[in-house]
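Just so you know, all these numbers are worked out from the coordinates, no wet-lab data involved. Since the structure is predicted, the reported quantities are computational estimates derived from the model, not experimental observations. FYI the Cβ positions are ideal-geometry reconstructions off the backbone, even for glycines, and counts take in every protein chain you see.
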Ligand SMILES: [Zn+2]
């Protein structure tokens, strides 16, 4: 079982009332910490990272209004990349939430509210939807963000990128994009591409250095120009060329029945808090 499989399993069991549900963090040390992008909505404050069953020290939390990503080299993607490179993040998750106001505010409302703050229409960009990335569907917004991250040249092809939705009332997670599947598919396409199209690439992978030693990482500091190395860049491009157009979408749970009453408090918080491996 991989990390997010365990997270979803524990979350769903906890949401169903299983008080013993939790993630055995020590078993997933190689997949931690997780880098998460969520909305700025304060209602998420008590939910994260408890609904994931992760301790705070394994949860790198990035936030922006609407968990919106506007391009594959946007400032949010730069932060995600540094979270992996500088802080050792192993997996990325975009976690949208139900009832997101960033997705419910119309262009007219935006214009009116900016005007109330003294920002006239003439000072705003022509295309407010494009500039602010406002969206109509929380689901589509997560899928779009995952797509931008997955295809960003500065996010390594080895980092799984997941897409999730959290129910802000119940804390229940829905797994929209399984980052492992997208990665497995890309790796399979990559291996096939090497085999069929470019036999010299196989030799490059079999023995990256002429003397047979392992490739050594180039020492650089953040903020300095980084020398471009050979096949790692090519590697990323080949994967991008052969990656599936859209990551597989995994629907793990059905929609909650309309008649189901919403609990007053998220029930999944306490079972997850600071859970450590049990001695059983
Ligand atoms: Zn929101």
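According to the square roots a ≥ b ≥ c of the eigenvalues of the Cα gyration tensor, what is the shape class of region 81-122, taking rounded for a/c under 1.5, prolate for a/b larger than b/c otherwise, and oblate for the remainder?
In terms of gyration-tensor shape, oblate.
With a 10 Å radius around each residue's Cβ, average the other Cβ atoms per peptide and rank 141-148, 63-70, 113-120, 154-161, highest first. Please report the intermediate quantities before stating the final value.
Numbers: 141-148: 23.2, 63-70: 20.9, 113-120: 10.4, 154-161: 17.9.
Ranked from most to least packed, the peptides come out as 141-148, 63-70, 154-161, 113-120.
Rounded if a/c is under 1.5, else prolate if a/b is larger than b/c, else oblate: which is region 19-87, with a ≥ b ≥ c the root eigenvalues of its Cα gyration tensor? Numbers along the way, then the final one.
On the way: a/c = 3.04, a/b = 1.40, b/c = 2.17.
In terms of gyration-tensor shape, oblate.
Would you mind calculating the relative contact order of region 1-94 from Cα pairs under 8 angstrom and at least 6 residues apart, reporting the percent as a whole number? Present the calculation step by step, with values, prior to reporting the outcome.
Working: 109 pairs, mean separation 32.1, N = 94.
Here the relative contact order equals 34 percent.
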